[in-house]
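Read-outs throughout are calculated quantities, based only on the coordinates presented, and are distinct from any laboratory measurement. It should be emphasised that the depicted structure is a prediction, and the values quoted were computed from it without experimental measurement. Using ideal geometry, Cβ is built from the backbone for each residue, glycine included, and neighbour counts are taken over all protein chains shown.
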Amino acid sequence: MELTLAIIKPDAVARNLTGRILAHLEEQGFRIRGLRMMHLSETQAREFYAVHRERPFYESLVRFMTSGPVVPVLLERENAVAKLREVIGATDPAEAKPGTIRALYAESKERNAIHASDAPDTARREAAFFFAGADVLAAGGRELV
Ligand code: CMP
């Protein structure tokens, strides 16, 4: 079993899609092992997306991610990191396969409903960003702390 991190983004939370997206994840075999709702500060959004700070979309992404509440979710499944990427679909909803979360719910490349960690080491860092070590440990993520 592996853990990964998803964030239901402000566009999806504002459109009342949180429950539907969580149900979709459960139907795809993920177990919810941690769940929060929070409003990211500008500092938190900048830090979380620091890897993109040189990209032209960075400032807009920070504004978007701080525009309303988000729902970070700690998820467990076999091969969770790769499987979650598959289930959410491509960044651009126009390119996302039918039936993926972004094909179903994303509005644009930026307002794309959900984030997922892109590799196991990123998942460890991102899980620790939102969940206390003890909570990750309780979820079975011994290797995450
Ligand atoms: P995410 O998977 O959270 O990782 C980085 C985010 O930046 C991405 O989803 C989008 O929300 C946003 N993003 C990526 N590429 C673009 C782009 N070309 N234009 C606007 N936003 C983008």
Could you please tell me which pairs satisfy a Cβ distance under 6 Å, a separation of 6+ or placement on different chains, a first residue in the stretch 104-119 that is under 12 Å from V87 (Cβ atoms) and part of a strand (DSSP E or B), and a second residue that is near the ligand (Cβ under 9 Å from one of its atoms) and among the aliphatic types (A, V, I, L, M)?
I114/I88; A116/I88
For the stretch 43-50, check the following and say yes or no: at least one residue is under 16 Å from the mean Cα position of the chain (by Cα), within 12 Å of the ligand (Cβ to nearest atom), under 27 Å from E2 (Cβ atoms) and surrounded by fewer than 18 Cβ atoms within 10 Å (Cβ to Cβ).
yes
Only listed residue being within 17 Å of G19 (Cα to Cα) and either exposed (fewer than 13 other Cβ atoms within 10 Å of the Cβ) or touching a helix residue (DSSP H, G or I) at 6+ places or on another chain (Cβ under 8 Å) (or both), chosen from A96, A113:
A113
For A134, work out the one condition from (1) surrounded by fewer than 15 Cβ atoms within 10 Å (Cβ to Cβ); (2) hydrophobic (A, V, I, L, M, F, W, C); (3) within 11 Å of the ligand (Cβ to nearest atom) it doesn't fulfil.
(3)
Within the stretch 1-34, how many residues are surrounded by 15 or more Cβ atoms within 10 Å (Cβ to Cβ), among the hydrophobic types (A, V, I, L, M, F, W, C) and under 22 Å from R125 (Cβ atoms)?
7
Residue under evaluation V81, criteria (1) more than 12 Å from L25 (Cα to Cα); (2) of a type outside the set (G, A, S); (3) over 12 Å from the mean Cα position of the chain (by Cα); (4) not in a loop (DSSP other than H, G, I, E, B), criterion not met:
(3)
Might you check whether a residue that is within 13 Å of the ligand (Cβ to nearest atom) and surrounded by fewer than 20 Cβ atoms within 10 Å (Cβ to Cβ) occurs anywhere in the stretch 74-83?
no
Given the conditions (1) farther than 21 Å from G141 by Cβ; (2) assigned to a loop (DSSP other than H, G, I, E, B), every one holds for R63 apart from (2)
Within the stretch 21-37, restricting attention to residues that are free of Cβ contacts under 8 Å to residues at least 60 places away in the same chain and either within 16 Å of the ligand (Cβ to nearest atom) or part of a loop (DSSP other than H, G, I, E, B) (or both), which residue is nearest to F131 (Cα to Cα)?
M37
